[in-house]
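Student: I'd like to ask some things about the structure below.
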Amino acid sequence: MSYLLKTLPPVIAFACASSTAATFDNISAQYLINGQLSDKVQVIDCRSSNHYNGWPQNNDNVGGHFPGAVNIDSQWLKVLDDKQLQQLISSKQLQKNKPTFLYCSGSEALSLSLALKKQGFEKLEVIRQPLSETAEKLTTLPNFKQLVSAQWLSDVINNNKPLYGPQKDYKLIEVHWGPATKYLASHIPGALYLNTNDIESEPWWNRVSDQKLAELLKNFGIRYDTTVILYGRNNMAAARAANIMMYAGVDDVRLLNGGWRAWVDAGFATEPFSNSNKKQIEFGRKIPANPHYIIDVPQARTLLGKDPDLHSLVSIRTLQEYTGKISGYDYIKPKGRISGSKWGHAGTGSNNAADFLNPDGTMKSAVDIKALWKKWNINQNQEVAFYCGTGWRASEVFFYSYVMGWKDISVFDGGWYEWSGDKNNPTNTGSIIK
């Protein structure tokens with residue numbers, strides 16, 4: 001009898017008994033979905049994070065993942081060495097001696113299985129049952145449709161009418177700071193270019209006025225009901241634009257999961273030179289239609305005065321920035337954090353939010369993100385505002401929280417730069433034990 005049959009409930013053991021190896025059938029899946037196997041086995045979803053989040057794969061009509069499954073895309077093996085894979089396994093809290101099921105295509109499951117065996121896993125099997133047979137119980141992110149794959153974007157560009165495609169007109173925009181040097185050399189076909197200097201203003205690099213924002217959207221041909229698809233060489237820039245456009249009132253803002261890198265890695269075509277919008281159009285509603293997505297200094301002060309169990313001002317900065325060892329920016333001199341703010345992680349510096357990214361640059365799973373925040377008492381039942389230095393990292397995390405279905409969220413536009421520019425605003429340095 002296989003190792004798994006000794007641990008499964010009798011009905012599952014009976015279902016598996018006719019096979020020489022432990023397999024995963026309809027009955028087994030139902031037990032897993034109902035939580036009756038959660039302490040018996042562990043499941044690794046080795047498909048892309050897009051399918052894990054909720055996008056259907058190939059000809060499936062449903063997406064998502066088995067409740068409790070962790071995501072390790074087998075394609076990540078291309079960029080991970082043995083030590084990095086070991087660290088990833090540890091971060092997912094996977095146990096090497098626990099029966100482990102893999103869910104992805106046969107070749108992908110085989111490559112991950114071999115890598116896991118090299119890491120010391122012994123009890124590995126593959127789930128072969130189609131997800132569609134248990135569709136009603138799969139876990140998906142509430143707003144997974146706003147975080148799109150390179151394949152979906154390619155289908156939109158080529159008019160292949162993908163699932164959850166734009167309902168009306170769409171605009172594809174590459175977002176970056178400064179001149180469009182890299183964009184002019186190569187970009188996704190049909191993409192326009194947005195310089196973040198056109199949506200931010202000195203001295204604090206906050207959003208531009210509502211009047212200037214209305215003019216910018218007009219020049220890009222964006223109405224409130226236009227689907228706007230954003231990407232960047234660094235997706236923080238695209239997320240900054242996403243937050244501001246959502247604030248303005250664009251109903252359907254999408255972000256390319258993994259940004260430019262995802263498009264290139266997928267092998268899709270690119271084009272040089274510049275595209276321009278051919279027709280200006282009025283936005284169609286008063287700006288801002290969603291003012292709650294961005295807060296300023298007075299609102300940040302008010303938030304800090306509320307119950308921290310119900311409200312959180314979250315620093316999306318490195319621990320060194322949060323504790324005041326560095327400012328993180330050559331143009332920001334003060335060091336430290338906003339008094340009363342919680343640490344929400346970030347990355348390796350002010351130019352990335354790597355703590356929230358998978359090895360391929362896509363968004364980490366909601367489970368992983370929530371784990372970062374658990375001991376800091378940051379959760380979706382609170383009013384949560386994110387801040388960083390000037391808004392880029394905070395905007396990326398804001399968008400991921402939106403995809404996760406968090407409701408009462410915003411970006412503190414001025415961030416550490418504007419807050420620390422006024423000596424009357426309380427600040428702190430040093431570590432906090434959590």
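Student: Which FRET efficiency, nearest 0.05, do Lys117 and Asn351 yield, Cβ-Cβ r, R0 41 Å?
Tutor: Rounded to the nearest 0.05, the efficiency is 0.65.
Student: Based on the alpha-carbon gyration tensor of the range 240-290 and its eigenvalue square roots a ≥ b ≥ c, which shape applies: rounded if a/c is under 1.5, prolate if not and a/b is larger than b/c, or oblate?
Tutor: oblate
Student: Same structure again: Between rounded, prolate and oblate, where does the range 50-197 land on the alpha carbon gyration tensor, with a ≥ b ≥ c its root eigenvalues, rounded for a/c under 1.5, else prolate if a/b exceeds b/c? The partial results should precede the final answer.
Tutor: Working: a/c = 2.63, a/b = 1.57, b/c = 1.67.
Oblate, since a/c reaches 1.5 and b/c is not below a/b.
Student: Moving on to the next point. If each residue's Cβ is checked for other Cβ atoms within 10 Å, how do His345, His292 rank with the fewest at the top?
Tutor: Ranked by crowding around the Cβ, least crowded first: His292, His345.
Student: Taking neighbour counts of Cβ atoms within 10 Å as a proxy for exposure, in what order, fewest first, do His65, His311 appear?
Tutor: The most exposed by this proxy come first: His311, His65.
Student: I need the GluC sites (Glu not before Pro) found in the range 85-170, filtered to DSSP loop residues with at most 13 other beta carbons within 10 Å of theirs.
Tutor: Qualifying residues, ordered by number: Glu122.
Student: On a straight-distance basis, which lysines could pair with Lys182 in a cross-link, Cα separation under 30 angstrom, same-chain partners fewer than 8 positions away excluded?
Tutor: Lys78, Lys145, Lys161, Lys168, Lys171, Lys212, Lys218, Lys278, Lys279, Lys364
Student: Most exposed first by the Cβ proxy, i.e. fewest other Cβ within 10 Å, how do Tyr231, Tyr183 rank?
Tutor: Exposure proxy ranking, most exposed first: Tyr183, Tyr231.
Student: Do any trypsin sites (Lys or Arg not before Pro) in the range 296-325 lie in a DSSP loop with no more than 15 other beta carbon atoms within 10 Å, and if so, which?
Tutor: Lys306, Lys325
Student: Need the list of lysines near Lys370 for cross-linking: C-alpha distance under 16 angstrom, and skip anything on the same chain fewer than eight residues off.
Tutor: Lys92, Lys342, Lys407, Lys434
Student: Any chance you could run the full-extension gain for Glu282 through Lys96? It's 0.36 nm times the residue separation minus the Cα-Cα distance, nm to one decimal.
Tutor: Full extension of this stretch gives 61.2 nm more.
Student: Report, by chain and number, residues whose modeled amide H sits under 5 Å from the one on Leu102, excluding near sequence neighbours (fewer than 5 apart, same chain).
Tutor: Placed amide hydrogens put Ile44, Glu125, Val126, Ile127 under 5 Å from Leu102.
Student: I've got another one for you. For the range 241-284, which trypsin sites (Lys or Arg not before Pro) pass both filters: DSSP loop (anything but H, G, I, E, B) and at most 11 other C-beta atoms within 10 Å?
Tutor: Lys278, Lys279
Student: Would you mind getting me the FRET efficiency between Tyr331 and Val79? Use the beta-carbon distance for r and R0 = 35 Å, nearest 0.05.
Tutor: 0.60
Student: Here's a follow-up. To the nearest 20 debye, what is the magnitude of the charge dipole of the chain about its Cα centre, counting +1 on the Cβ of each Lys and Arg and -1 on the Cβ of each Asp and Glu?
Tutor: Computed about the Cα centre, the dipole is about 660 debye.
Student: In whole Hz and in residue order, list the ³J(HN,Hα) couplings for the range 63-68 that follow from phi through the Karplus curve 6.51 cos²θ - 1.76 cosθ + 1.60, θ = phi - 60°; x for Gly and Pro.
Tutor: For the range 63-68, the Karplus-derived couplings read x, x, 9, 4, x, x Hz, x marking Gly and Pro.
Student: Hey, another quick one. Treating cross-link reach as a plain straight distance, find the aspartates and glutamates whose alpha-carbon is under 17 Å from the alpha-carbon of Lys117, omitting any fewer than eight places away in the same chain.
Tutor: The qualifying aspartates and glutamates are Asp45, Asp73, Asp81, Asp82, Glu108, Glu125.
Student: Using Cα pairs under 8 angstrom and six or more residues apart, how large is the relative contact order of the chain, in percent?
Tutor: Result for the chain is 14 percent.
Student: Please pull out the direction-averaged projected area of the range 144-289, using the convex hull of its alpha-carbon atoms, in nm² to one decimal place. Mind dumping the intermediate values first?
Tutor: On the way: hull surface 33.1 nm².
Result: 8.3 nm².
Student: Next up: Please work out whether the range 300-434 counts as rounded, prolate or oblate from its C-alpha gyration tensor, where a ≥ b ≥ c are the square roots of the eigenvalues and a/c under 1.5 means rounded, while otherwise a/b larger than b/c means prolate and anything else oblate?
Tutor: Verdict is oblate for the range 300-434.
Student: Also, quick follow-up: With Rg and Dmax of the Cα atoms in Å in mind, check (i) 23.9, 81; (ii) 23.0, 74; (iii) 24.1, 92 and report the label derived from this structure.
Tutor: Recomputing Rg and Dmax of the Cα atoms in Å here gives the entry labelled (ii).
Values quoted throughout were computed directly from the atomic coordinates according to the rules given, and no laboratory measurement underlies them. Because the structure is a prediction, the values reported are computed rather than measured. When we count neighbours, we look across all protein chains shown, and the Cβ atoms used for this are built from the backbone with ideal geometry, even at glycine.
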